1. May I ask you to say which residue of 348, 373, 410 is modelled with pLDDT under 90, open to solvent by less than 10 Å² (accessible area, probe 1.4 Å) and assigned to a helix (DSSP H, G or I)?
2. Select from region 251-300 the residues that are of a type in the set (Ser, Thr, Tyr) and under 23 Å from residue 109 (Cα atoms) and write down the one among them that is modelled with the lowest pLDDT.
3. Consider region 448-475. How many of its residues are within 23 Å of the chain's Cα centre (by Cα) and of a type in the set (Gly, Ala, Ser)?
4. Being of a type outside the set (A, V, I, L, M, F, W, C), outside any helix (DSSP H, G or I), surrounded by fewer than 17 Cβ atoms within 10 Å (Cβ to Cβ) and modelled with pLDDT under 80, is that true of even one residue in region 425-443?
5. Hey, could you check region 260-277 for residues that are surrounded by fewer than 23 Cβ atoms within 10 Å (Cβ to Cβ) and touching a residue at least 60 places away in the same chain (Cβ under 8 Å) and say which is farthest from residue 489 (Cα to Cα)?
6. Taking region 152-190 on its own, how many of its residues are touching a residue at least 40 places away in the same chain (Cβ under 8 Å) and either under 14 Å from residue 421 (Cβ atoms) or among the small types (Gly, Ala, Ser) (or both)?
7. For region 385-414, which positions are hydroxyl-bearing (Ser, Thr, Tyr), in contact (Cβ under 8 Å) with a residue 40 or more places away in the chain and under 15 Å from residue 520 (Cα atoms)?
8. Tell me the residue from 83, 71, 107 that is assigned to a helix (DSSP H, G or I), more than 25 Å from residue 230 (Cα to Cα) and at pLDDT 75 or above, please.
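The values are calculated or read from the model by the stated rules, or taken from the named source; none is laboratory data. Keep in mind it's a predicted model, so treat the numbers as computed, not measured. Positions of Cβ are backbone-derived with ideal geometry, glycine not excepted, and every protein chain shown enters the neighbour counts. Please note that ligands, DNA and RNA were not included when accessible areas were found on the heavy atoms of the full protein model with its side chains. Shrake-Rupley method; radii C 1.70, N 1.55, O 1.52, S 1.80 Å.
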Amino acid sequence: MSYLKTEEAGGNQNVPINYTANPESYERQPGESTVHYYGRRLTAIKPVEILTYEATHSGMKRALGRWDLIFVGIGAIIGTGIFVLSGHAAANNAGPAVVISFIIAGFAAALASLSYSELAAMIPVAGSAYTYSYATMGEFVAWIIGWDLILEYAVGAATVAVGWSGYFVAFFHACGVELSPSWTKPPLGWDEATQSFTISPTSHFNVPGFVVVILLTIVLTVGIRESAMVNNVVVVLKLIIVLIFIFGSAKWVDPKNWQPFVPPTTDGDWHHFGVAGIFAAAQQIFFAYIGFDAVTTAALESRDPPRDLPIGIIGSLIICTILYIVVALVLTGVSPYQNLNVAAPVAVAAAATGQQWLLIIVTLGALAGLTSVMLILLLGQPRIFYSMAKDGLLPSIFTKLHPRFKTPYVPTIITGVITAFLGALLPVDLLGNMTSVGTLLAFFLVHVGVLILRFTRPDIPRPFKIPGAGFLWMPIPIVGAAISVLLIAVSDVTTIWRVFIWMAIGFLIYACYGFWHSKINTDPKSAFEQLDEPEDAVI
């Protein structure tokens, strides 16, 4: 029996592990047909023992404590969902019942947080749902979810950049300075009715959104500790300002603005209002809950992943869900929901109170909130690249760490530049919907992964487990997976097709590169040789 030590985590016990795989099992067997061999390669599972070993020898700085991780989650959760997409969802889908949409999305996220916490504590490595899928469902599914996460984080950060620019303009407007839309709005729009892009004759390039992404990319390249310090300061600031908005606007709430609470369908499109509109809004604002997913991407930089990752995931989600529900009530109570279909809906509500000081403070808070969201999304994206490249599915250049800062600087820079251009050119609603679908797909596979590992690897130590004795834990991942599928199903058809197109591009890259360079399949012995002395691994 081999053991993994837990000294760095503050413990003094050795945790036993069992090896159920060997390198020979990944090689082509005598008499094995070509179809069977290549099919088996697609479903090759990366053993948890190898993942654990890699986590202890990553070379990254372990600088993040539990509060850092909670703030990472809050930093990514409180942002676009509350400051931007809440208005779009209320005006276009749910009306005042967007409050119920936040509850539905929050419930789905809560179920997912439990599954994420179990896997994150058990497999404390970077890569999030990608890594968990590799350990449970095999390489091809892992590639699908990894490619999906690349879309989720890059497009998500671009979505936030567009919203940030809207509040940047609103702040200067509150101060009496008008900025030209020519250089503060994306030139491209999307017409859902005609399924086509539109070009604005008055907008050329979203300069504020572009510049802020570039600046945050530089911060992330410098180091994780510095990035965490910036995030912690920004999170405290935006939490204070969110509370100021709630209490500063509460007496201007007019219950008449909540009537009807669930507006009837008006144009024959079931996405627009009614009960179905509530679920459509829940899908759209689900973007708001991807923050705790970002917590898991920082596992290799956490001081004590098995203990602190669940705390960071669940703690940040509870705090943010409560704030979301309260802000949605105040937002739709102060301003009629029809007025909220703008890039800065919270600023509209603050302006409706007639308090200029509140408008200025709220726009500053929104800028702080959206900045931290971008920071965390841009933090998570390169670490997905890093994990996939470590497995050979992407070129090895993405595994390079900066010699001084110990950050994956190559994917950080590439991600930052691409995201900056996306945010400078594309509209917020198009970007936000794509991100939500990608998030839901990741959540679905995480739930499935928990179910699979409970039965295939019951021997693996689980510092955190989904509550429930016997089989009473099973409804949580099952219901969570079902809700994820339901919310994907109520998405716009064009949004789903765009995700499928992105996946098709990913399949092509995997077929041309990843399949032929996969380390677990092309060189399994080297992957297992690092486990010759597993007792030296510290987690």
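1. When all the criteria are applied, what remains is 373.
2. 297
3. 1
4. No, region 425-443 contains no residue that is of a type outside the set (A, V, I, L, M, F, W, C), outside any helix (DSSP H, G or I), surrounded by fewer than 17 Cβ atoms within 10 Å (Cβ to Cβ) and modelled with pLDDT under 80.
5. 260
6. Counting residues in region 152-190 that are touching a residue at least 40 places away in the same chain (Cβ under 8 Å) and either under 14 Å from residue 421 (Cβ atoms) or among the small types (Gly, Ala, Ser) (or both) gives 17.
7. Once the filter is applied, which keeps residues that are hydroxyl-bearing (Ser, Thr, Tyr), in contact (Cβ under 8 Å) with a residue 40 or more places away in the chain and under 15 Å from residue 520 (Cα atoms), region 385-414 yields only 387.
8. 107
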